[in-house]
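To keep things clear, I will list the structure first and then write my remarks on it.
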DNA sequence: AACAATAATGAAAATTCATTCACTTTCTAT
DNA sequence: ATAGAAAGTGAATGAATTTTCATTATTGTT
């Protein structure tokens, strides 16, 4: 999983990062609210952990801003305050859960699992800029009208959007989109990318799918 | 939309039924909680309206029992009581919204729209008995293992399950599954039903898809 | 029981889609 | 600049799926 931790207390941040990384996750640490917003806007995360008290922008304000942008990424707030009113406020602003310091790593982990599962099984719409994927109906809409994608193109676009902002290797793409544990000797990915590019290029003919020579693809995160 | 109204006050029930029917919906009225549970277990509804005070089984108890069965159908409670505590109780027991009498038809309608939209965009799993459809991943699982359906077969099964218990005409099926506004002169539906039947028949070779001569198909509820 | 309408079936035809291939272009390191 | 690797392209292939068709079976009505 891709995890973003926004926490100004370096000791806590590092300890969490170490624990999560050991479990096989990728962790990024933002040291204030501003950075958290910046990261969350450009990179895909499975879950975002926000400290309530942070320099520049508070966790709850970060939460509000993330939701304002239309993102439904799971958010868990961490805080020393245990007053119930805060909890209500947090949940009203779109946080998915709330953990009171001090907490055990296991407790936090359990809550992350619960929140991520709830999220993953509960979203029909995947929105990227002006492109909207209707995941169940498998339709793709833009302000210019519906785009008709084949099954593979749709799966690939979904994968790209979910992982926007980070480089996706051919190995990963093969595994997640084609269900293959190896990279075929043919150029099947490139061929599908070609067709997808043609269909989703914008008015200016600019494309969102960037090739990173020797590494894979990068879906531009606005 | 398919709407179930559980309301013992005949005057209110009829007035609501008239209004909803005029807007092109199909309405069923249950005159007590027992009937409401019975209907909701055997027929698909897009939304269920429950009066709080009803003979035999109260609305809130009906709500609890429906949720107990695993159904996530949108439920709106109607009540004369306006005390906040009841609202909390209702929402805790799994109701999606709560409307206080007297209410205007427009208000109720707006809440239905909101609740149905929220529901439709938020379910990945569609469960029918021991068949589970993973709507986004498009996989079908049973205790006997995964069933591999083609795209059309999957869409048709989804439609059948969503409308279990009521007869579906070929016109409706054509429109919703094939996106056609007319029924083709060929037997395309029958052919697809045949293949679907073969794949989802149970251990005894019994099938869930029943033909209603001259009317359409019926997906056996329960 | 006989008829007409409707539905089911198996196989063929048509279509669509995923994949491959041969070739061109682009990129990076030297 | 250039070679070699990587990525892109358009067309062809092949496989899977959707649709059609001819035929048989079933159902409801008389």
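Numbers below:
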{"read-out": "Residue B:133 being assigned to a strand (DSSP E or B) and modelled with pLDDT of 90 or more", "value": "yes"}
{"read-out": "Subset of the range B:33-73 [in a loop (DSSP other than H, G, I, E, B) and closer than 18 Å to residue B:128 by Cβ]", "value": "B:43, B:44, B:45, B:46, B:69, B:70, B:71, B:72, B:73"}
{"read-out": "Residue in the range A:122-130 that is away from every other protein chain (no Cβ under 12 Å), within 18 Å of the chain's Cα centre (by Cα), assigned to a strand (DSSP E or B) and modelled with pLDDT under 90 present", "value": "yes"}
{"read-out": "Residue within the range A:83-102 that is under 23 Å from residue A:124 (Cα atoms) and at pLDDT 85 or above present", "value": "no"}
{"read-out": "Subset tally (residues that are on the phi > 0 side of the Ramachandran plot and within 14 Å of another protein chain (Cβ to nearest Cβ)) for the range A:140-179", "value": "1"}
{"read-out": "Flag for residue B:202 being surrounded by 13 or more Cβ atoms within 10 Å (Cβ to Cβ), more than 9 Å from DNA strand C (Cβ to nearest atom) and within 14 Å of chain A (Cβ to nearest Cβ)", "value": "no"}
{"read-out": "Number of positions in the range A:103-121 that are within 14 Å of chain B (Cβ to nearest Cβ), at pLDDT below 75 and in a helix (DSSP H, G or I)", "value": "4"}
{"read-out": "Candidates A:176, A:155, filtered to the one that is more than 9 Å from DNA strand C (Cβ to nearest atom) and free of Cβ contacts under 8 Å to residues at least 24 places away in the same chain", "value": "A:176"}
{"read-out": "Conditions (1) within 12 Å of DNA strand D (Cβ to nearest atom); (2) assigned to a helix (DSSP H, G or I); (3) surrounded by 14 or more Cβ atoms within 10 Å (Cβ to Cβ); number of the one not met by residue A:160", "value": "(1)"}
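Quick grid of which residues meet (1) within 9 Å of DNA strand D (Cβ to nearest atom); (2) farther than 28 Å from residue A:1 by Cβ; (3) over 20 Å from the mean Cα position of the chain (by Cα):
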site: A:172; (1), (2), (3): no, no, no
site: A:175; (1), (2), (3): no, no, no
site: A:181; (1), (2), (3): no, no, yes
site: A:188; (1), (2), (3): no, no, yes
site: A:193; (1), (2), (3): yes, no, yes
site: A:198; (1), (2), (3): yes, yes, yes
site: A:202; (1), (2), (3): no, yes, yes
site: A:209; (1), (2), (3): yes, no, no
site: A:216; (1), (2), (3): yes, no, no
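The values are calculated or read from the model by the stated rules, or taken from the named source; none is laboratory data. Keep in mind that what you see is a predicted model, and the values were worked out from it rather than measured. All Cβ positions, even for glycine, are placed from backbone atoms using ideal geometry, and neighbour counts span all protein chains on display.
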